[in-house]
Amino acid sequence: QVQLVESGGDWVQPGGSLTLSCVASNATFNNYVVNWYRQAPGKERERVASISSLGDHTYYPPDSVKGRFTISRDHAKTTVYLQMTSLKPEDSAVYYCNCPMLRAWGQGTQVTVSS
């Protein structure tokens with residue numbers, strides 16, 4: 001069973017940047033699609049980015065993050081990243097890493113965007 005650990009969440013001012021990391025406990029993780037989700041208080045969990053196993057295909061469902069968020073992965077480090085730029089208060093949420101084929105979720109990392 002793979003464990004996922006997110007990190008990198010923080011408080012940042014509007015317009016700032018953060019990079020989140022999701023580290024997996026074993027390399028099986030590298031064989032599968034990985035998603036980043038976020039959940040704000042009182043709202044449903046929302047998928048914000050996905051990346052293919054090889055990292056050659058990425059997908060950003062919400063229009064609100066296109067052009068500002070970038071997902072990437074490093075197989076040698078069994079890590080998936082979410083680079084976030086031009087952050088807005090509405091990006092504030094707990095961000096979760098998910099590998100659906102392994103039925104794995106991380107514990108989440110808090111991102112707060114405010115002045």
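The values are calculated or read from the model by the stated rules, or taken from the named source; none is laboratory data. The model shown is predicted, which means the values in this text are computed figures rather than measured ones. When we count neighbours, we look across all protein chains shown, and the Cβ atoms used for this are built from the backbone with ideal geometry, even at glycine. Accessible surface areas use protein heavy atoms only, side chains included; no ligands, DNA or RNA. Shrake-Rupley method; radii C 1.70, N 1.55, O 1.52, S 1.80 Å.
Some observations on this one:
- P(r) of region 52-101 over all Cα-Cα pairs, binned every 5 Å from zero, in whole percent: 4, 15, 28, 28, 15, 9, 1
- P(r) tail for region 1-64: Cα pairs beyond 16 Å make up 60% of the total.
- Accessible solvent surface per residue of the chain, calculated while the other protein chains remain in place, 1.4 angstrom probe, Å²: 52 Å²
- Amide H contacts of G55 (H built 1.01 Å from N, in plane; Pro and chain starts excluded): no residue 5 or more places away or on another chain comes under 5 Å.
- Taken one residue at a time, the phi angles of region 13-20 give Karplus couplings (6.51, -1.76, 1.60, θ = phi - 60°) of 6, x, x, x, 10, 8, 10, 8 Hz. Gly and Pro are set to x.
- For region 73-90, putting each phi into the Karplus relation 6.51 cos²θ - 1.76 cosθ + 1.60 with θ = phi - 60° gives couplings of 8, 10, 5, 4, 9, 6, 10, 10, 10, 10, 8, 10, 10, 6, 5, 10, x, 6 Hz, in residue order, rounded to whole numbers and with x for Gly and Pro.
- Centroid-to-centroid separation of region 74-115 and region 21-72 [C-alpha atoms, Å]: 7 Å
- A DSSP coil position with no more than 11 other Cβ atoms inside 10 Å describes the following trypsin sites (Lys or Arg not before Pro) in region 21-63: K43.
- Separation of the E90 and A40 label points, Cα + 7 Å toward Cβ, nm: 0.7 nm
- Mean projection area, nm², convex hull over Cα of the chain: 6.5 nm²
- Total charge dipole magnitude, the chain, about the Cα centre, Cβ charges on Lys, Arg, Asp, Glu only, Debye to nearest 20: 120 debye
- Under the simplified labelling scheme, the V5-R103 pair shows an inter-label distance of 2.4 nm, with each label point 7 Å from Cα along Cα→Cβ.
- Within the chain, DSSP assigns beta bridges of which about 95% are antiparallel (rounded to the nearest 5).
- Taking 0.36 nm per residue of sequence separation and removing the Cα-Cα distance, the S64/Q13 pair yields an extension gain of 16.6 nm.
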